[in-house]
Each structure stands twice: as C-alpha cells, then as structure tokens.
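What follows is calculated from the coordinates using simple rules that are stated; it is not laboratory data. Nothing here was measured: the structure is a model prediction, and the numbers come from that model. So basically every Cβ, Gly included, is an ideal-geometry build from the backbone, and we count neighbours across all protein chains shown.
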Amino acid sequence: MEFFIPGLLLFLLSIVVSFIVAPRFTPLVIAILSIVFLSYGVYDHYKMFAAEYRLSTWQQSLKIYAPAIMIGAIILFIIYAILAFFTKGSVPIPLIPNITAPNENSATNHVVQSLNKVANSLTNNKNNVVSSVNNTINKVNNATKNNSENGKNKNKRNNTISRSFLETI
C-alpha cells in the first residue's frame, strides 16, 4: 500500500494534466516546455551519472548528447516556424460557417417541380407532333384532291394504282 496510493495519485494527476491543462496550451508554450524538460532531463542525467561521464572519453560524451542536441535543434526550429507564421504565438482558428439543411418539404418540392416540367414538356411535344401530323395530312389531302380534279379533265381514268405499267411510262 505504500507504493499504491502515491502511484495512483501521480496517475490521476497525469490524467488531469493530459486532458484538462495541456490542450489549452498553445504550440509555442508546448515547444518551450519541451525545451525546459529536455534540459532538465539532460542535467539530471549528467548529475546522476557524473562519475561515468568523467571516466569516458570525450567522443563518448558527445555520442550521449547527440540525441538531446538533435531534439533541441528540432524544437528550436519548430519555435522559429511558429513565430514566423504566427506573430502572436497562437494558431488562428478559422470560423466554421453555420450550415443549415433544408427541410424535407423543400427537397420534395424541387422533385415535384421538375416532374411537372417534364410532364408539361412531354404534353407540349405531343401536341406539336399531333398538330404537325394533322397539317401534313391536310396538305396531302388537299394536294391529292387538286391532282385528282385536274386529272379528271385531262385523263378519263383516275390516278389510282390500277393503271397499267405502260400508262405510267
């Protein structure tokens, strides 16, 4: 029980920091805090293992610091990029426009209107076809009446299919 309660409290504190405090930080604050914690980690590591650092050669000590130096350089570059793009150190969040969905009646109104337009156009097309066919039939009837009246005076026979082949030539 000696290790359980402090560990549980540390776990609950880390949850509070992770879900309540950290999301409110700006990227610049997080980058600066990461530099601070990285520096503290390197210092504490050197303080804890000072004898090993003294006994190693100078090349080995540089190999140990290489990841920390690289991470620090990357974090400094990120801080520079944040300051270059966002002068106040905060990331601007664009406003999301309100999108309202139309009600279901308006959607069906458009469908009904388009179906009515199609039906009206089909009716108009049918009427146009019927009238043009009637006009054509009337013109053909008038033409055949005129030809038959003129043909009665000139020829004694009707212009019908019963004519012989030699009469048509």
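Tabulated values for the structure
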item	result
Cα-based Rg of the range 17-85 normalised by 2.2 N^0.38 Å, two decimals	1.40
Distance in nm between pseudo-label sites at residue 95 and residue 128 (7 Å out along the Cβ direction from Cα)	5.0 nm
Residue-by-residue Karplus 3J(HN,Hα) for the range 41-49, coefficients 6.51, -1.76, 1.60, Hz, glycine and proline x	x, 5, 4, 5, 5, 5, 5, 6, 10
